[in-house]
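Working notes for the structure below.
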Amino acid sequence: MQFRDLKQQYQVLKKEIDEAMIKVATDCNFIIGEQVAQLEKELAEYVGVKHCVTCANGTDALSIAMMVWDIKEGDAVFVPDFTFFSSGEIVSHCGATPVFVDVDKDTFNIDCSSLEEAIKKVTAEGKLTPKAVVAVDLFGLPADFIKLRPIADKYGLLILEDGAQGFGGEINGKKACSFGDIATTSFFPAKPLGCYGDGGALFTDDDELAALMESIRVHGKGTMKYDNVRIGLNSRLDTIQAAILSVKLKAFKEYEVEAVNKAAEKYTAILQDVVKTPVVPEGFYSSWAQYTIQLSDMKTRERLQSALKEQGIPSMVYYPKPMHMQKAFGYGEDYKFECSNTVKLCNTVLSLPMHPYLTDEDIEKVAHSLKICL
Ligand SMILES: *Cc1c(COP(=O)(O)O)cnc(C)c1O
């Protein structure tokens, strides 16, 4: 059994993907071919925002957001303590200070009261200027933007929606990657919408920000390629990845998001009495980047993971270490903000195989094997 079955997906979409890849090779328009602009149009339309600007990967997308907002040394950016490293890395990378705040124990997403407490503390200390919050749509579930927006407004913070895992999710029918002042996603192969290498995108309704993003991704270009008006990056999405993504976006819209939701429902129906299954609040819709259960303790998790492995069932721990404990950030044990939910989650979460091509038999096998071993 595969944790995320990209081979099966390729077999289903093979004819169209092969044609798309061969067309790029035949035309040799490898960089900024017409497929890139076409994909950006399709993605913006799907998400329901005015602009989509693609780039080389999801981390660059976040970095470009930091650059267009001119976030720098002396600025504080609030980041959930339970997320992938990138969400905090990009803050340090531009010289600003990431302030890690705890997450909700049910949704895994940023906890708004912990956020507000941290904003107040940082403001009272007076050393850093609060500038933005990175709201991660973890495991496919959009962050609680309904609660988050008034807090951001109250303290004058920009919201950067890190939708690397959230693409395809919704709140009350509105799509993920439309909630932040800027939103980003990643097309890393294992993400909800993945390409065949690295890729990423930014989303915004703001014309000026979109123009800045387009400049930054090509060495800060001005009116033309050899007119450079600011320091930028080399961060374009390859034409071949755009061509593949257009094919995959069609399948994603037509049936893949629905299929992972059916799979999640089936897991939950079998497992909800024996473990803590993922919570999707009323009005929210997940794209199930991960299906993540919570166990009683680390020992139980280790025992279960090896029992599943013996039966050929892969499982993963996302994430084993809180951000504030990552050596790279230099905070360590005496970190000043309480992140007890994150610490507990790091010891107890376990993600099960999840993808649109998972069969009912696969789900039953995973869920029943888990039940027997508990
Ligand atoms: C994967 C991921 C990223 C980074 O995306 P890349 O394309 O790998 O650079 C950023 N944030 C989160 C939450 C992610 O899961």
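Every read-out reported here was derived from the displayed coordinates using simple, explicitly stated rules and does not represent laboratory data. This one's a predicted model, so the numbers in the text were calculated from it and none came from an experiment. Every residue, glycine as well, gets a Cβ built from its backbone with ideal geometry; the counts of neighbours run over all protein chains shown.
Assign unit charges at the C-beta atoms only (+1 for Lys and Arg, -1 for Asp and Glu), then state the dipole size of the chain relative to its Cα centre in Debye, rounded to the nearest 20.
On the way: 40 positive and 53 negative charges, 123 e Å.
Roughly 600 debye for the chain.
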key: Packing-based order for 269-275, 157-163, using average beta carbon neighbours within 10 Å, highest first   = 157-163, 269-275
query = What base-10 log of the normalised intensity I(q)/I(0) is obtained for the stretch 208-347 from the Debye formula, alpha carbons as equal point scatterers, at q = 0.18 Å⁻¹?
reply = -1.11
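Helix hunt in the chain: which complete DSSP H runs extend at least 24 Å axially by C-alpha with mean Kyte-Doolittle at least -1.0? Numbers along the way, then the final one.
Details: long enough: 6-27 (28 Å, -0.53).
Qualifying helices, which must be both long enough and hydrophobic enough, are 6-27.
Compute the whole-percent fraction of alpha carbon pairs in the chain spaced more than 27 Å apart.
Across the chain, Cα pairs with separations above 27 Å total 48 percent.
Once you've got the Cα coordinates, tell me which of 127/221; 154/174; 191/266; 131/250 are over 26 Å apart.
Values: 127/221 35 Å; 154/174 23 Å; 191/266 21 Å; 131/250 37 Å.
Cα-Cα > 26 Å for 127/221; 131/250; rest within.
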key: Computed E for residue 258/residue 311 - FRET, C-beta separation, R0 45 angstrom, nearest 0.05   = 0.95
task = Return the loop-located chymotrypsin sites (Phe, Trp or Tyr not before Pro) in the stretch 69-130 (DSSP other than H, G, I, E, B) with at most 14 other Cβ atoms within 10 Å of their own Cβ; answer none if there are none.
result = 85
query = Tell me, what does the Kirkwood hydrodynamic radius of the stretch 187-286 come to in angstroms if you use every pair of distinct C-alpha atoms?
reply = 16.9 Å
Spin-label pair residue 30/residue 223, simplified geometry with 7 Å Cα→Cβ offset, distance in nm = 3.1 nm
Whole-angstrom Cα spans of the stretch 112-198 along principal axes, big to small = 46, 29, 19
task = Jot down the radius of gyration and Dmax of the stretch 238-319, Cα atoms only, both in angstrom.
result = 16.3, 47
inquiry  = Which residue, 342, 90, 129, has the largest displacement toward the positive end of the dipole of the chain when charges sit on each Cβ (Lys, Arg +1; Asp, Glu -1)?
reply    = 342
query = How big is the stretch 17-93 on each of its three principal axes, counting only the C-alpha atoms and giving the largest first in Å?
reply = 49, 24, 24
key: Farthest toward positive dipole pole in the stretch 157-251 [+1 Lys/Arg, -1 Asp/Glu at C-beta], among 176, 158, 200   = 200
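Going through the stretch 38-90, which GluC sites (Glu not before Pro) have at most 10 other Cβ atoms within 10 Å and a DSSP loop state?
Numbers: sites: 40, 42, 45, 73, 89; in loops: 73.
Hits after loop and neighbour filter: 73.
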message = Rounded to two decimals, what is the ratio between the C-alpha radius of gyration of the stretch 13-168 and 2.2 N^0.38 Å?
response = 1.22
